Structures are given as structure tokens and as C-alpha cells.
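Novice: Before anything else, here's the structure in question.
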Amino acid sequence: MFTNHLYIINAVTSMHVGSGDTNFGLIDKQIQRDAITGYPTIHSSSLKGALKEYTVHKCDTGTKTPEEKANFVANIFGDDDNNGKVRFIDAHLLSVPFRSDANPYYMCTSPKAVEQFIELAETLGVVIPDIDKLRPFALAKVDTALVRSGSPMIEEITASASNELDFDALESLMGGPAALLSNTAFDEMLKNLPVIARNALENGESKNLWYEEVLPRKSKFFTAISVPTYLDSSDSSKLTNTFNQFREFLTDKDTIHIGANASIGYGMTTFKEVGNE
């Protein structure tokens, strides 16, 4: 019923996709988190809104007439009269960089995060290279943290080398040195993400100080975008052509802004399609 496309979202800069919640403590503005895992997430509505804004911008800088642009955007995202035909799915956390004494950072993930990535790919029928080499990471029993070699400190955790896991596959997915943390250790580290103090000025005078939770740059999410195949041949052909142009927008060299505070450089991301190659 759908053709599914799986994407890795890479945070080029720090990101704040706000939940609208506060814990009535230190953090005034918290990021969105998954209701089941507690991991940072990007809700599909936030993701769709960001991609729609980006697509409108790309159309504005292209050669489409106003009518062509309106039809193009409406075909994917919908308009006042019709829902969009393309389905957007929540972006789930894959990895977060944490500092180390052996490298500037390790791309840290957990068995739970890897398992969710594999489950989504298999549920949607997306073929991932080396998925059989990634599966042991989802099943691994980890005391604290595992790395390719050595015994580096990652934040305050001492990692150990693994002789059983193929870190080539994981590091290819992560795009850098990777560490597999236990689910418990990863959960705890995600509770202590950076908090940035923000200040509103009025005529040079501080009027409002607040604290905002952010996800560090180089963090990675995975998401899927699905195109229906149940349409009649004319509509299906039109949507396929439209979506192929949209796919080119997503994976070109421009960055896509997601979340708040674009004016201070937050939320710059890039998208990479994985699988089915």
C-alpha cells in the first residue's frame, strides 16, 4: 500500500524541538521525548511542518509558477481543502555524541535504539545493507559500554573492547567512532543533556532569563516517509514524479531547519536516505 523511504537525520548544529513542557525546576523549555522510551524525538507534526517550510522555500527559489508551486506542495503536504498524500513518521533517536578521553567524542547508542531502527526498517520493508551485522548490537548484553578497541572513558563511564561485535557496520551507520552503551547507561546520560541559558533583552537590560534543553550537534535520528501506491494510475504517476523531486530536495546540499531558534543557529540538519539501494 505504500512505498517507504528511510532517512537518517544528522544534526549539524545543536537542536531544540520544544515539547512545550516544563519540569518546574531548572529547565524551562524541554525537548520532545518519546512517550515509551523517554528518548529525544521529533514528532511527525513537527517534522512535517519543517519539511513543508523547506519545500516552499525550495519552490520559491526554483522555476515553478505560483500555481505549480501550490499544487506541488499540496500534493505532498495537503492544503486547506485536502490532506497530503504522503505519510510522515516520528523521527526516533539513533545516537548522541558524548565526550571521551580517547576521541573528541563517541557516537553513542544503545541496544534499544538499534533494535528500533532495525524494527522500523523491517516493518516497512526497507532493505538495509549489513543489517545482519547490526542485529547483534540490538541483542548484545552490555554492562556499561562497548567499543571497537581500548578502554576509553566516555563521560564518566569506562568502556571495554568487544571481540564479538562488528563495529565496521555500526560506525558506517553512525558516521564515526561508535560506542554501544547499556540501555540503562544510555537512559541516564540522556537525562543530562546540555542546558543553555537564554536571555531576553529590552533596551540592553535583561528582562527574562530562562533555561533551554538542547540536543548536541552530530546527534542522529531515523525516520520514514511513505508514498501511497493505492491511487489510480494517473494520480499515482503524478505523485511519484512530485515525490521524486521532493526526495532530491531532501538530499541536496542545503541544510533543513528543524525546531526553534534558527536565528541563533539551532536546528540545522541534513537528510540521508538509507536502504533499498
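Novice: For region 101-117, how many residues meet the condition of being among the aliphatic types (A, V, I, L, M) and open to solvent by 10 Å² or more (accessible area, probe 1.4 Å)?
Specialist: Selection size over region 101-117: 1.
Novice: Just to be sure before I move on: is V127 in a loop (DSSP other than H, G, I, E, B), over 25 Å from T270 (Cα atoms) and open to solvent by 20 Å² or more (accessible area, probe 1.4 Å) in the structure I sent?
Specialist: So V127 does not fit the description; no.
Novice: Just checking, which of T41, T55 is modelled with pLDDT of 95 or more and open to solvent by less than 50 Å² (accessible area, probe 1.4 Å)?
Specialist: T41
Novice: Is it true that some residue in region 64-87 is in contact with a strand residue (DSSP E or B) (Cβ under 7 Å, 6 or more places away or on another chain), open to solvent by less than 20 Å² (accessible area, probe 1.4 Å) and not in a loop (DSSP other than H, G, I, E, B)?
Specialist: Within region 64-87, not a single residue is in contact with a strand residue (DSSP E or B) (Cβ under 7 Å, 6 or more places away or on another chain), open to solvent by less than 20 Å² (accessible area, probe 1.4 Å) and not in a loop (DSSP other than H, G, I, E, B).
Novice: A further question follows. Output yes when any residue across region 148-163 is under 26 Å from A91 (Cα atoms), touching a strand residue (DSSP E or B) at 6+ places or on another chain (Cβ under 6 Å) and touching a residue at least 60 places away in the same chain (Cβ under 8 Å), and no when none is.
Specialist: No; the residues of region 148-163 include none that is under 26 Å from A91 (Cα atoms), touching a strand residue (DSSP E or B) at 6+ places or on another chain (Cβ under 6 Å) and touching a residue at least 60 places away in the same chain (Cβ under 8 Å).
The values are calculated or read from the model by the stated rules, or taken from the named source; none is laboratory data. Since this is a predicted model, take the numbers as computed values, not measurements. Note that we place each Cβ from the backbone using ideal geometry, even for glycine, and neighbour counts take in every protein chain shown. Note: areas computed on protein heavy atoms with side chains; ligands, DNA, RNA excluded. Shrake-Rupley method; radii C 1.70, N 1.55, O 1.52, S 1.80 Å.
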